[in-house]
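To keep things clear, I will list the structure first and then write my remarks on it.
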Amino acid sequence: MSTRRPSARRPAARRPVERSTPRPTLVERYRRFLPVTDATPALTLGEGFTPLVHARNLGRELGLDNLYLKVEGANPTGSFKDRGMVVAVSRALEAGARSIVCASTGNTSASAAAYGAAAGLEVVVVLPAGRIAKGKLLQALVAGARVVAVDGNFDAALRIVRELAERDDRPITLVNSVNPDRLEGQKTAAFEVCDDLGRAPDVLAIPVGNAGNISAYWAGFGDYLAAGLCSSRPRMYGFQAAGAAPIVLGHPVAEPDTVATAIRIGDPASWTKATAARDESDGLIEAVTDEEILAAYRDLARWEGIFCEPSSAASLAGVRKLVRSDRLGVDRDATIVCVLTGNGLKDPHTAEAQVGDVLGSEPTTEAVVAALGW
């Protein structure tokens, strides 16, 4: 009998893995619609390509079968601002900038600080003292921005940074949404909505603060229509917080006040553009209360699993208000997209106030079952 050991079985030859084409950057994907050239530096943190989620549970509650959520909190710094900031900072670099500056209610500062850091630029942030959610302020500080808190509101901070950007003794580029490159980048979200749906929605609902984003979406839908990539444009429904609703009231608000800190703005820089988007689309801009915003904020997390910051929930709060008052303006089977502008982790203080206590228990299964009330 042979004592020779059998030879080891040869592994089957592995088929080579086919490499898929790398995902383009946001700027590369929509280059034909953006103010960039071959000379524009290729800056990216992986912005864009955010989810469009079918909100089946909330849609069932409202009788809206085609309700969707554009989850912009999935951007690198947790808000839609990254879309515009990547273009604005890239263009600033192209122009030879060494410093950038912004006023902020929080999200702009976080985005400017991150993209400025990636680009090797000095970043200066001017913000209203004591009125910024902690998560957003920390983002700017951790990224190395020089942050100055002024005793005033956002509108005062914006006035200051505009004046700083006009000084000749220390050149610095303003990257708020009054910079047209910001809105050019932000319109890419409209392109993604159309690409994901295969068409433009019937309604685009969006929070309105400084009013640049509603303007940018409207421009984006217009670009896609002109290029033959969609056959219509949506009605634009904008929603301001009741305590910070200058467009709804028809005059600036000297001391805006709302739990939705990202839209706590009393004199929007893009006011005229926002009302143009409203009027040209046969849309509306209305107000929702803090109570309505927080109810939508809680329901987005508990019914759809999406944790957004309070200002984001203004879009859903507005749609819900229109449905309940029978003023939606479109059929119930219409496709409605609510833009959720930022991530809930940016404002942990508000989140803490909306939840109950953690249950306590001894370290046994029986004790845990008892704590759960099972």
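The values are calculated or read from the model by the stated rules, or taken from the named source; none is laboratory data. Small disclaimer: the values here were computed from a predicted structure and weren't measured. Positions of Cβ are backbone-derived with ideal geometry, glycine not excepted, and every protein chain shown enters the neighbour counts. Please note that ligands, DNA and RNA were not included when accessible areas were found on the heavy atoms of the full protein model with its side chains. Shrake-Rupley method; radii C 1.70, N 1.55, O 1.52, S 1.80 Å.
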Using 5 Å bins from zero, what percent of all Cα-Cα pairs in the stretch 134-281 falls into each bin?
2, 9, 16, 18, 18, 15, 11, 7, 3, 1, 0
Using the Karplus equation 6.51 cos²θ - 1.76 cosθ + 1.60 (θ = phi - 60°), what ³J(HN,Hα) coupling, rounded to whole Hz, does each residue of the stretch 270-277 give in order, writing x for Gly and Pro?
9, 3, 5, 5, 5, 5, 5, 4
If you take the alpha carbon radius of gyration of the stretch 39-187 and divide it by 2.2 N^0.38 Å, what ratio comes out, to two decimals?
1.14
Between PRO51, PRO207, PRO24, which gets the highest mean-square fluctuation from a Gaussian network model of the chain, Cα cutoff 10 Å?
PRO24
Average accessible area per residue (Å²) across the chain - probe 1.4 Å, nucleic acids and ligands excluded
48
Report the charge-dipole magnitude of the stretch 215-367 in Debye, nearest 20, computed about the Cα centre from +1 at each Lys and Arg Cβ and -1 at each Asp and Glu Cβ.
560
Taking the Cα centre as origin and putting +1 on Lys and Arg beta-carbons and -1 on Asp and Glu beta-carbons, what dipole magnitude results for the chain, to the nearest 20 debye?
1880
From phi via Karplus (6.51, -1.76, 1.60), per-residue ³J(HN,Hα) for the stretch 294-307 in Hz, x at Gly/Pro:
5, 5, 5, 4, 5, 5, 4, 6, 7, 9, 10, x, 10, 9
I want to check a number: in the chain, how many lysine pairs have alpha carbons closer than 16 Å, given a sequence separation of 8 or more or different chains?
8
Sequence-distant residues sharing a close amide H with GLU47 (under 5 Å, placed H):
LEU26
Cα gyration tensor shape of the stretch 281-374, rounded if a/c is under 1.5, else prolate or oblate by comparing a/b with b/c
prolate
Percent of Cα-Cα pairs more than 17 Å apart in the stretch 262-331, please.
52
Under the Karplus relation 6.51 cos²θ - 1.76 cosθ + 1.60, θ = phi - 60°, what is the ordered set of whole-Hz ³J(HN,Hα) values for the stretch 249-263, x standing for Gly and Pro?
6, x, 7, x, 10, 5, 10, x, 9, 6, 5, 7, 4, 5, 10
Taking only the alpha-carbon positions of the stretch 161-221 and ignoring solvent, what does the Debye formula give for the base-10 log of I(q)/I(0) at q = 0.29 Å⁻¹?
-1.17
Check ALA205: other-chain or 5+ apart residues with amide H under 5 Å from its amide H, H built from backbone geometry?
TYR237, VAL337, CYS338, VAL339
Tensor-based shape of the stretch 100-168 (alpha-carbon gyration tensor, a/c under 1.5 rounded, otherwise prolate or oblate)
oblate
Sequence ranges 209-216, 171-178, ranked by mean other-Cβ count within 10 angstrom, highest first:
209-216, 171-178
Which of SER79, SER270, SER312 fluctuates most in a GNM of the chain (C-alpha springs under 10 Å)? That residue is SER270
For PHE49 and SER232 in the same chain, what is the full-extension length gain: residue separation times 0.36 nm, less their Cα-Cα distance, in nm?
63.7 nm
Lys/Arg +1, Asp/Glu -1 at C-beta; the chain dipole; positive extreme among VAL248, VAL123, ALA274:
VAL123
Just the number, please: percent antiparallel of the DSSP beta bridges in the chain, rounded to the nearest 5.
15
Nearest-0.05 FRET efficiency for ILE160 and ARG324 at R0 = 30 Å, using Cβ-Cβ distance, is 0.15
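Would you mind telling me the share, in percent, of accessible area of the chain contributed by carbon and sulfur at probe 1.4 angstrom?
Whole-percent figure for carbon plus sulfur exposure: 50.
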Non-local residues with an amide H under 5 Å from the amide H of LEU174, with H modelled 1.01 Å from N and Pro and chain starts lacking one, are VAL101
